[in-house]
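Have a look at the structure below, then the notes.
Laboratory data are not the source of any read-out in this text; all were calculated from the coordinates shown. Computed from a predicted model, the values in this text were never measured in an experiment. Heads up, the Cβs are rebuilt from the backbone with ideal geometry, glycines too, and the neighbour counts pull from every protein chain shown.
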């Protein structure tokens, strides 16, 4: 079955440090890829998405992600963490064009230490 | 303001007492979906609907029903709730078919359900 894997259920960084959240998908056919963020007690908000245009995708709040077909990865990065980045982040993939549904990873909770 | 709304936001109920969680979107989206979120499991799809009167099961449909009589509304019905349905529920919507699958899905604020 097609799936998406997020390595690390919890990631902790210091304020100002690099943020790296990992996401790998399982398919020989590149899907559409999304990163969502969930702040405490809120719904999910789209950070960025890959839709087969540029492989480096820039999103909101300084986040970006790079699609690497050879590694079947779509890792999320931010050069300098801010306290307000503390949240849970979900990678999601969509296979099957218009007919497919979104498949979510299990999420990575990001903590930012002062 | 474009949004997906859910009601109620919090609900405590007892086993077997039927309940409905409403979901409404004002973006004229064809596609709507329900997810449940549980710690360590991420979001799992319960049911989805590609348009009015068209619904289909997701990954975890057991114990749930849905209906899509109007484009804007997609209620989630628990006919006989059980404690294992205690969870955080999200409704979502997106445009359908115009972007070949790359459309953004918009989420509601969530409904936290506790079944005693």
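Starting from 0.36 nm per residue, how many nanometres of slack lie between residue A:10 and residue A:113 once their C-alpha separation is accounted for? Intermediate values should be presented prior to the final figure.
Details: separation 103, 0.36 × 103 = 37.08 nm, distance 1.31 nm.
Working it through step by step, the gained length comes to 35.8 nm.
For the peptides B:60-67, B:71-78, B:85-92, what is the packing order when you average, over each peptide's residues, the other Cβ atoms within 10 Å and list the highest mean first?
On the way: B:60-67: 15.8, B:71-78: 18.9, B:85-92: 21.9.
The peptides rank, most packed first, as B:85-92, B:71-78, B:60-67.
Taking every alpha carbon pair in the stretch B:2-48, what does the distance histogram look like in 5 angstrom bins from 0, in percent?
Once binned at 5 Å, the Cα pair distances of the stretch B:2-48 give 5, 14, 20, 26, 22, 9, 4, 0.
Between A:17, A:54, A:81, find the one with the highest GNM mean-square fluctuation for chain A; connect C-alpha pairs within less than 10 Å.
A:54
If you rank B:34, B:96, A:35 by fewest surrounding Cβ atoms within 10 Å, what's the result?
Working: B:34 27, B:96 17, A:35 24.
Ordered from fewest to most neighbouring Cβ atoms within 10 Å, B:34, B:96, A:35 come out as B:96, A:35, B:34.
Mind listing the Cα extents of chain B along all three principal axes, in Å, largest one first?
Projected onto the principal axes, the Cα atoms of chain B cover 43, 31, 28 Å.
Once you wrap a convex hull around the alpha carbon atoms of the protein assembly as shown, what is its projected area averaged over all directions, in nm²? Write out the running numbers ahead of the final one.
Details: hull surface 50.2 nm².
Answer in nm², one decimal: 12.5.
When A:15, A:88, B:70 are ordered from fewest to most other Cβ atoms inside 10 Å of their Cβ, what list results?
Working: A:15 14, A:88 19, B:70 10.
Exposure proxy ranking, most exposed first: B:70, A:15, A:88.
Could you list, bin by bin from short to long, the percent of Cα-Cα pairs of chain A in 5 Å steps?
Each 5 Å bin holds this share of Cα pairs: 2, 13, 24, 26, 19, 10, 5, 2, 0.
Using only Cα atoms, locate the centre of the stretch A:60-113 and the centre of the stretch B:46-116, then give the distance between them in Å, rounded to an integer.
23 Å
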